[in-house]
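The values are calculated or read from the model by the stated rules, or taken from the named source; none is laboratory data. Predicted, not measured: the structure shown is a model, and the values here were computed from it. Reconstructed Cβ throughout: ideal geometry from the backbone, glycine too, with neighbour counts over all protein chains shown.
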Amino acid sequence: MFIAVASLTLMGIALGGLLGLAARYLAVEENPLEAELQALLPGSQCGQCGFVGCAQAAAALARNEAAPTLCPPGGRAVAEAIAARLGIRIDLAAVRDDGPQLAFVAEDICTGCCRCSKVCPTDAIIGAAKQIHNVIREACTGCGACVDRCPTEAMGMVPVPVTLPHWIWPRPATV
C-alpha cells in the first residue's frame, strides 16, 4: 500500500514539474496592445463586428485590419477610447449611438420558437420550446442579435431603465 501511494506521489510531482517547465519555456508571447484593446471592448462576444469574439476583434484592431468603429454595442464611447489608445483620429459622425439598451419580449406575440435564445451570446433569454420567453436584464448586453432572429417580431430593444444601479450623474453644462 505504501509503495503504491509513494509511486503515485512521485509520478504526480514529476509530471507536475514537467508541465511547469513546459508552460515556462513553450509560452506564447502575446501583444500587450491586444489585451488593452480587449479590455476596452464590451466583452459581449455578440459577433456584430464581423469577428467571432472580442479577442479576435482586438487582435484585428492591433494589426490595423479593422476600424475603431467596429463595435456597434459599444457605440461612440468605445470607438473614442479605441481611437485614443491607438493614437488615431476618427470621424464619429457615422457612428449611431442609442445609448445602452436591453432586449425585451412582447409576450402576447411570442410563439416560443427558441430562435432568439439560440443566438444570444450571454444566454440572457430564458424559456422553453412552445413557451413564452423572457430576458434576464442583468445578463443582457444589448447586442440586438435576438431582434434580427425573431420571426414574429416579438423581440425588441428598449433603453436601459433609469434605476438606482444604472443611474449616472449628468455632466454639468459647459459655459
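Output the residue which, of all residues in the range 56-106 that are small (G, A, S), free of Cβ contacts under 8 Å to residues at least 40 places away in the same chain and outside any helix (DSSP H, G or I), is nearest to V162 (Cα to Cα).
So, considering only residues that are small (G, A, S), free of Cβ contacts under 8 Å to residues at least 40 places away in the same chain and outside any helix (DSSP H, G or I), the one nearest to V162 (Cα to Cα) is G74.
How about the range 127-175: which of its residues are modelled with pLDDT under 80 and of a type in the set (G, A, S)?
A173
Go over the candidates A77, A139 one by one and state the one that is within 24 Å of L37 (Cα to Cα), in the same structural domain as Q38 (by TED's automatic domain parsing) and surrounded by fewer than 18 Cβ atoms within 10 Å (Cβ to Cβ).
So the residue among A77, A139 that is within 24 Å of L37 (Cα to Cα), in the same structural domain as Q38 (by TED's automatic domain parsing) and surrounded by fewer than 18 Cβ atoms within 10 Å (Cβ to Cβ) is A77.
May I ask you to say which residue of S117, S44 is surrounded by 13 or more Cβ atoms within 10 Å (Cβ to Cβ) and in the same structural domain as E153 (by TED's automatic domain parsing)?
The conditions single out S117.
So A57 clears everything in (1) at pLDDT 90 or above; (2) surrounded by fewer than 16 Cβ atoms within 10 Å (Cβ to Cβ) except one condition, right? Which one?
Failed condition: (2).
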